[in-house]
Amino acid sequence: MQLTAEIVPLRTHHPFVIARGGSATWQTVWVKVTDTDGVEGWGEAAPSRFYGETASTVIAALDVLKDVVAEADAWSLEATEAAMALAIRGNPAARVAVSTALHDLAGKRLGVPLWKLWGLTPSRAPRSSFTIGIAPLDVVRQRVVEAAQYPILKVKLGSPHDAAMIRAVREAAPDKVLRVDANCAWTPKKALAMIPLLAELGVEFVEQPLPPEDLEGLRFVRERSSLPIIADESCLVAADIPRLIGAVDGINLKLAKCGSLLEARRIIHVARAHHLRVMAGCMIESSLGITAAAHLAPLLDDADLDGAALVADDPFVGATIAGGVIALPDAPGLGVTRRAG
């Protein structure tokens with residue numbers, strides 16, 4: 001098999017800002033695995049500087065993985081993913097792009113969509129939230145109006161104006177489900193000061209209030225919180241879950257941080273075994289990457305798969321989340337096509 005890659009520029013409708021900063025322009029990497037008869041499997045890497053990846057590091061990692069893919073059996077997904085993990089250290093976005101391409105190829109060979117290959121039922125998928133990033137309050141109110149079709153909003157906090165921002169969102173959306181993500185920006189003291197206000201405003205849960213390594217802080221907050229606490233940056237792979245027991249109420253998996261579709265499914269099963277709430281999130285990425293995650297949606301309690309909905313120039317067509325409803329393609333593999341023009 002041959003591995004090729006192409007950097008894909010993306011532009012969001014608005015600058016997307018979280019506690020660590022943001023931008024209106026992004027880069028992902030389109031990965032193609034081509035078998036000897038010309039059949040292609042596609043995947044997307046959505047690198048995050050927080051995890052030490054950029055489009056350039058993804059390309060460099062894929063250059064190393066070309067030899068692994070060239071020698072791989074397209075059906076031996078477990079063995080190929082293990083070989084990739086040995087060939088490069090880290091680089092989860094790069095590895096998951098190849099993992100996704102191999103799964104896409106397998107589904108195309110069998111003539112079934114990935115969700116059917118896994119024995120899942122698309123109608124069991126939860127609704128996805130739509131994200132409201134950090135912005136001035138007048139801009140926040142306008143973005144809530146623009147998100148009118150979405151009944152669940154995920155609000156990014158972690159600025160000096162958190163209380164004013166969440167109040168502005170609630171005033172603009174009095175009947176919507178609200179979720180909050182602080183992206184590691186709070187201290188335990190700040191979290192416990194904010195949570196009573198969030199509860200008063202009807203927020204459903206709080207995602208990653210503290211830095212990822214502060215597990216004792218998470219435990220301290222959870223024991224005193226009236227709202228569920230969800231781990232994101234503290235949970236990268238399935239092996240992270242046992243140490244989180246008692247510190248959080250659920251986990252948010254992301255393909256770009258776990259490194260493979262097989263690992264994503266392991267995360268779900270390990271979390272279930274520990275009675276944790278299970279959510280899947282995303283980076284800013286096109287419908288190619290979002291569709292890969294969306295095929296897991298029937299296994300989730302919650303979804304935050306709006307990455308492509310935030311993009312103004314999505315080059316692919318795949319799963320959709322109109323009104324938050326996750327609609328999976330019926331075509332074989334991922335079911336993703338390149339947008340005409």
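Please report, in whole Å³, the volume per residue of the convex hull around the C-alpha atoms of the chain.
Working: hull volume 41.6 nm³, N = 341.
Normalising the Cα hull of the chain by residue number yields 122 Å³.
Let me know the Kirkwood hydrodynamic radius for the stretch 197-341, please, with Cα pairs as the basis and the value in Å to one decimal. The answer is 16.1 Å.
The simple spin-label model puts a point 7 Å past each Cα toward its Cβ; for Ala239 and His14 those points are separated by 4.1 nm.
Given a Förster distance of 25 Å, report the FRET efficiency between Glu78 and His274 from their Cβ-Cβ distance, rounded to the nearest 0.05.
Working from the Cβ atoms, E equals 0.60.
Convex hull volume of the Cα atoms of the stretch 252-318, normalised per residue: 73 Å³.
For the stretch 216-280, a Kirkwood hydrodynamic radius built from all Cα pairs, placed in the Stokes-Einstein relation at 37 °C and 0.692 mPa s, yields a translational diffusion coefficient of 282 µm²/s. Counting lysine pairs in the chain whose alpha carbons fall under 14 angstrom apart, excluding pairs fewer than 8 residues apart on the same chain, gives 4. Taking amide H as placed 1.01 Å from N in the peptide plane, the amide H of Val155 sits under 5 Å from that of Ile132, Arg179, Val180, Asp181, each at least 5 places away or on another chain.
Over all directions, the projected convex hull of the C-alpha atoms in the stretch 1-105 averages 6.8 nm² in area. Here the extension length gained between Asp63 and Ala24 equals 11.2 nm, from 0.36 nm per residue of separation less the Cα-Cα distance. Taking amide H as placed 1.01 Å from N in the peptide plane, the amide H of Thr28 sits under 5 Å from that of Val8, Leu10, each at least 5 places away or on another chain.
Where is the GNM fluctuation largest for the chain (alpha-carbon springs, 10 angstrom cutoff): Glu223, Glu263, Glu53? Result for the chain, Cα springs under 10 Å: Glu223 fluctuates most.
Each reported figure results from applying straightforward, stated rules to the coordinates on display, with no laboratory input. Bear in mind the structure is a predicted one, so any value in this text is a computation, not a measurement. Here the Cβ is made from the backbone with ideal geometry for all residues, glycine too, and neighbour counts use every protein chain on show.
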